[in-house]
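Data block below; observations after.
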Amino acid sequence: QKEVEQDPGPLSVPEGAIVSLNCTYSNSAFQYFMWYRQYSRKGPELLMYTYSSGNKEDGRFTAQVDKSSKYISLFIRDSQPSDSATYLCAMGGGAQKLVFGQGTRLTINP
Amino acid sequence: KAGVTQTPRYLIKTRGQQVTLSCSPISGHRSVSWYQQTPGQGLQFLFEYFSETQRNKGNFPGRFSGRQFSNSRSEMNVSTLELGDSALYLCASSAGPGGEDTQYFGPGTRLTVL
């Protein structure tokens, strides 16, 4: 079993839809949770950073962490074609290296 | 503040050759991590250096090695290249150790092995 599981998709939704991206994990030592966005042929860029459980909102993006269920989510409201990218979850904590999910390829159709 | 830079951006090598990739972290960052990204395997951790010491190592053969200099710049080397080494190699820097701090990625070096 992988430490971090993420549905690779691909996921295709119409413009304006609410998008939900999810990751599950098995290591209870993880305390830091991040979402990265990666456009084609570019390096990943940090979207959201959350410490421990709870919600964090930044514009159209909301990150949720449920440590009791070992489950994190990223919600994108009013999705735009420019949101089309691969989204990677990542998590770490203590002396451990950062662990990434497989990435979900998202396409927003105009 | 300048971001993470990686050189070269593109490389074409043949099997059996060796290659050295370079990464300059964000100014003030002391941690540099290297990743291999392929369509089938996703982002796989190679190693992390913090203050010139290897802090963590992924599950890659000994052909993959790295080092970090006193100015935090890092290099990774791959010897005896194989076709399967074709990938995007990403470098990420963070102020603190990689598992505890936000990592910022460079644009990557795309390596093609023929």
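The values are calculated or read from the model by the stated rules, or taken from the named source; none is laboratory data. Please read these numbers as outputs of a predicted model, since none were measured by experiment. Here the Cβ is made from the backbone with ideal geometry for all residues, glycine too, and neighbour counts use every protein chain on show. Remember, those area values only see protein heavy atoms, side chains included, never the ligands or the DNA or RNA. Shrake-Rupley method; radii C 1.70, N 1.55, O 1.52, S 1.80 Å.
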Please give every one of the aspartates and glutamates within straight-line cross-link reach of A:K56, meaning a C-alpha to C-alpha distance under 15 Å, and leave out same-chain neighbours fewer than 8 residues apart.
A:D66
Test of understanding: given chain A, find the longest segment containing no GluC sites (Glu not before Pro) that are in a DSSP loop and have at most 14 other Cβ atoms within 10 Å.
A:16-110
If you project the alpha carbons of chain B onto the principal axes, what extent comes out on each, in Å, largest first?
37, 27, 26
For A:L21, what is the net charge nearby, where nearby means another residue's Cβ is under 12 Å from its Cβ and Lys, Arg count +1, Asp, Glu -1?
0
Sparse-neighbour loop sites [chymotrypsin sites (Phe, Trp or Tyr not before Pro); the range B:36-104; at most 16 other C-beta within 10 Å; DSSP]:
B:F69
Counting only protein heavy atoms and a 1.4 Å probe, tell me what percentage of chain A's accessible area is made up of carbon and sulfur.
47 percent
So which residues in the range A:35-58 end up with at least 20 square angstrom less accessible surface once the other protein chains are there, compared with the chain by itself, probe 1.4 angstrom?
A:Y36, A:Q38, A:R41, A:G43, A:P44, A:L46, A:Y49
Trypsin sites (Lys or Arg not before Pro) lying in DSSP loop within the range B:9-43, provided at most 13 other Cβ fall within 10 Å:
B:R9, B:R15
Long pairs among A:K42/A:K67; A:K67/B:K57; A:K67/A:K97; A:K2/A:K67; A:K2/B:K57, criterion Cα-Cα beyond 23 Å
A:K42/A:K67; A:K67/B:K57
Hey, what do the phi angles of the range A:54-69 turn into as Karplus ³J(HN,Hα) couplings, whole Hz, using 6.51/-1.76/1.60 and θ = phi - 60°, x for Gly and Pro?
x, 10, 9, 10, 8, x, 7, 10, 10, 10, 10, 10, 10, 5, 5, 9
With the crude spin-label approximation of a point 7 Å out along Cα→Cβ, what separation in nm comes out for B:T20 versus A:K2?
3.4 nm
With a 1.4 Å probe on protein heavy atoms only, work out how much accessible surface B and A bury together, total over both chains, in Å² to the nearest 100.
1600 Å²
Under 13 Å from the 7 Å Cα→Cβ point of B:T80, by amide nitrogen: which residues of the range B:1-20?
B:16-18
How much of the accessible area of chain B, probe 1.4 Å, is carbon plus sulfur, in whole percent?
48 percent
Over all alpha-carbon pairs of the protein assembly as shown, lay out the pair-distance distribution in 5 Å bins, whole %, shortest bin first.
1, 7, 15, 18, 19, 17, 12, 7, 3, 1
So what is the accessible area of the range B:1-60 per residue, in Å², with the probe set to 1.4 Å?
53 Å²
Sparse-neighbourhood loop hits (trypsin sites (Lys or Arg not before Pro), the range A:21-88; DSSP loop; Cβ within 10 Å at most 11 others) -> A:R41
May I ask for the Rg/Rh ratio of chain A, computed from Cα atoms with Rh as the Kirkwood radius, given to two decimals?
0.96
For chain A, the per residue accessible area (1.4 Å probe, Å²) is 47 Å²
